Amino acid sequence: MTMVSGPSPSIYTSTPSTTFAGSMLLLSCSICYLSSFPAAWIFMAKVEFLLQAVTRHNHADHLNKLFRQGCEEAIISVAFARTQGVQAIYQAIAAAGPKASVFVGIRNDITSYQALELLLSAGVNVYAVDTGSRSTIFHPKIFIIRHGKQAGIVAGSANLTFGGLHNNIEASSLISLNLADAEDQRFYADACGAFQTMVAGFPDHVIPVTDAATVKALFDTGRLSDETIKPANPDTAKAQPAGGALDPMPLHRSFPSAGDFYRVWQSNELKERDLNVPSGGNTNPTGSMYWKKGAYEIDQRHYFRDNVFAGLDWEVDARLPHYERTSARFHLYAAGEFKGTFELKLSHNTNTESTTYKQSNSMTQVSWGDAKPVVARRSLLGRIMHLYRKDSAPPEYMIEID
């Protein structure tokens with residue numbers, strides 16, 4: 001379908017793409033005046049642009065208008081949900097009931113258990129999406145409402161929060177589809193099918209929320225927030241449980257300047273000793289962490305020295321000859337933010353007659369050095385550490401704590 005231009009004051013565009021991802025990029029629009037063209041051209045998708053708060057239009061009004069036109073099927077996907085956001089469209093989604101499915105991101109310290117309970121009371125199908133990581137979260141914001149041969153799609157930045165639907169400066173494409181047109185029907189099917197594929201393909205991560213007990217379980221494992229509790233200082237707050245041993249969702253991911261890094265190790269839930277967080281008035285953190293088995297089935301006595309840190313310039317300690325010492329560059333990410341690059345010291349105990357070795361304990365450790373202020377944070381307790389290696393000369397490493 002070809003884009004055309006005319007004198008209309010509204011901004012529209014056709015939808016040339018037949019893929020879900022491609023159609024989401026239709027923010028470069030042309031001016032259309034459909035009534036001045038042949039009837040066959042009317043069966044094209046129409047796209048308008050909504051810039052909330054800068055103009056008088058907001059997402060809540062537009063969504064309620066779409067639902068009032070009738071709803072035979074609806075899909076809502078948001079990263080965050082709070083009660084005031086749900087309340088803004090509550091009557092509309094309650095009228096749709098089980099015809100509507102709502103996908104909400106969790107494990108993000110924003111989505112609340114109160115919001116999920118309110119969604120349940122509306123009678124809609126609720127799915128909590130847990131990527132297994134706090135640094136890679138579920139983030140698509142899209143609302144799809146079908147009525148007969150018409151479908152409306154709102155795709156942009158608005159979450160299911162009061163600010164997201166009213167006051168924040170949010171931008172969305174407002175797509176009107178005529179499902180009698182093959183291209184529009186294909187676009188609609190791709191959009192809905194993407195979420196159906198996610199449900200089928202990630203049963204451990206896309207969690208049907210069917211009752212209050214499921215909501216409570218998600219809250220008890222630290223994956224939902226409580227709107228009645230004011231967030232504390234993240235560096236002094238007691239860490240929430242990490243939500244069990246759910247493996248990170250196997251997504252196609254990128255890291256800033258990640259190059260050819262690949263994962264070589266994953267921890268269990270991080271403890272105070274790992275991150276050198278003081279646990280009491282008499283504690284004296286060592287400033288280091290032993291590389292332990294974590295989530296890997298390995299011989300922790302040899303794996304790190306012989307595999308993970310192979311290729312580094314190890315030297316025998318002249319004062320303690322059973323120790324080898326080296327250092328390496330580590331790029332450190334914590335809670336989704338890049339914290340810097342640090343030259344960290346590594347030590348390995350080669351004494352195979354020691355009690356430590358005979359008890360199969362770890363023999364290799366890292367000294368946090370200048371990175372200690374970054375890692376010794378109570379807000380990181382209970383999270384998972386991932387170690388990545390790049391086979392450069394010498395090797396480089398990346399630590400991600402999420």
(message) Charges at C-beta only: +1 for Lys and Arg, -1 for Asp and Glu. How large is the resulting dipole of the stretch 262-401 about its Cα centre, in Debye rounded to 20?
(response) 360 debye
(message) Less than 26 Å apart at the alpha-carbon level, and either on another chain or at least 8 residues along: which lysines does that give for residue 149?
(response) 46, 65, 99, 141
(request) Work out, in µm²/s and without decimals, the Stokes-Einstein translational diffusion coefficient of the stretch 262-401 at 25 °C, 0.890 mPa s, Rh from Kirkwood over C-alpha pairs. (result) 158 µm²/s
(message) List the GluC sites (Glu not before Pro) within the stretch 293-329 that DSSP assigns to loop and that have no more than 15 neighbouring Cβ atoms inside 10 Å.
(response) 297
(message) Bin width 10 Å, origin at 0, all Cα-Cα pairs of the stretch 20-220: what percent of pairs per bin?
(response) 9, 35, 37, 15, 3, 1
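What full-extension length gain, to one decimal in nm, is calculated for residue 370 and residue 307 as 0.36 nm per residue of separation minus the Cα-Cα distance? It would help to have the intermediate numbers written out before the result.
Details: separation 63, 0.36 × 63 = 22.68 nm, distance 2.51 nm.
My answer for the length gained is 20.2 nm.
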(request) May I ask you to sort 120, 51 by Cβ crowding, counting other Cβ atoms within 10 Å and putting the fewest first? (result) 51, 120
(message) Quick check: convex hull of the Cα atoms in the stretch 102-170, volume per residue, rounded to a whole Å³?
(response) 117 Å³
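How much length would be gained if the chain were fully extended between residue 211 and residue 262, taking 0.36 nm per residue of separation minus their Cα-Cα distance, in nm to one decimal?
Values: separation 51, 0.36 × 51 = 18.36 nm, distance 3.95 nm.
The span from residue 211 to residue 262 would gain 14.4 nm if fully extended.
Any read-out appearing in this document is the output of simple, stated calculations on the displayed coordinates, not a laboratory observation. The structure displayed is predicted, hence computed values, not measured ones. Here the Cβ is made from the backbone with ideal geometry for all residues, glycine too, and neighbour counts use every protein chain on show.
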